[in-house]
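As structure tokens, the structure follows; a few thoughts come after it.
Please treat every number below as a calculation from the coordinates, not as lab data. This is a predicted model, so every value here is computed, not measured. When we count neighbours, we look across all protein chains shown, and the Cβ atoms used for this are built from the backbone with ideal geometry, even at glycine.
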């Protein structure tokens, strides 16, 4: 956090530059995140217990590969646009002012998909509980939270 | 969480009923929270690692007594209205789309104050790291997070 003074008081979320690295997934998954931009907000204030991003989805973009966590909870709040929330139960169209939460350990894999012609803007919150693992039921992929970063593996445990 | 099925997919945040108990502070502090309403969102989805509330401040209402945490990070995002953020450094007027974060352990005590004639609506996020303590520099009050709940004490450690 040395480049972000602890004395930052407040900021306009959309003024923050999007994260330069579009995705931390290995290929071929990273390329599927092209229409997604993440503005990393919580880190700018030095927060470490959880992260908060303002994320933009262009038309046809997805928030992530559909996934679920073993230990880390997630929450989203729609600021603008009408993304489809995809879960194990199917699709639900969201709208500004709607929210959803994804409790760790439930196995309910989720993602947002922008099937509209308008940009979607939403806040996403996730904590940083150690020993988290992420399952991706639709892909040959799993992730392990290791030393503060994500390691991506094939489902059989082999490296990408 | 037994009254909130884990299968809740999404909801309109403003449709959630405000928390019945207006404040968990002891008197005379609880009465000062009259114009504040908290809609508890994260708990409805069974989240336990952090809480997310949609909070409303009527004109002249405050978000909380000015305070800082030892272990729990906090984050706010302004949905509507123009509250004043009060910190150790003074006052900053916020606007919709602005955000702020409060890193635990910095000693920078903060609250929001609605000095306008319009209602303020904001999202607040806080984690639930154990052994947290809260300091209230302007009041004879401190709080300790104990067995998942808050215990309020005079600064000398005596009970309210």
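Quick look at the numbers
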| quantity | calculated |
| --- | --- |
| Sequence-separation-based contact order of chain A, relative, with Cα cut under 8 Å and 6+ spacing, percent | 22 |
| Copy-to-copy label separations for residue A:118, where each label sits 7 Å from Cα toward Cβ, in nm and ascending | 2.0 |
| Centre separation in Å (Cα based) which lies between the stretch A:43-81 and the stretch B:1-66 | 21 |
| When the stretch A:1-80 is reduced to its Cα atoms, the Kirkwood hydrodynamic radius in Å | 14.3 |
| Scaled radius of gyration (Cα, divided by 2.2 N^0.38 Å) that chain B gives | 1.03 |
| Using a Förster distance of 35 Å, the FRET efficiency for residue B:91-residue A:22 (Cβ separation, nearest 0.05) | 0.40 |
| Of B:73, B:140, B:132, the one that fluctuates the most in a GNM where chain B has Cα springs shorter than 10 Å | B:140 |
| Inter-copy label distances at residue A:48 (7 Å, Cα→Cβ; nm, one decimal) | 2.5 |
| Spin-label model distance (nm) - residue B:131 vs residue B:116, 7 Å beyond Cα toward Cβ | 4.1 |
| For the stretch A:72-160: Kirkwood Rh in Å [reciprocal of mean 1/r, alpha carbons] | 14.4 |
| Exposure proxy ranking, count of Cβ atoms within 10 Å, fewest first, for B:98, B:151, B:33 | B:151, B:33, B:98 |
| Exam field: residue A:97 pseudo-label spacings to other copies (7 Å along Cα-Cβ), nanometres | 1.9 |
| Fraction of the pair-distance distribution of the protein assembly as shown above 24 Å, Cα-Cα pairs, percent | 54 |
| Three-way shape label, the stretch A:118-160, alpha-carbon gyration tensor, a/c 1.5 | oblate |
| Separation in nanometres of the label points that stand 7 Å from Cα toward Cβ, at residue A:12 and residue A:58 | 2.3 |
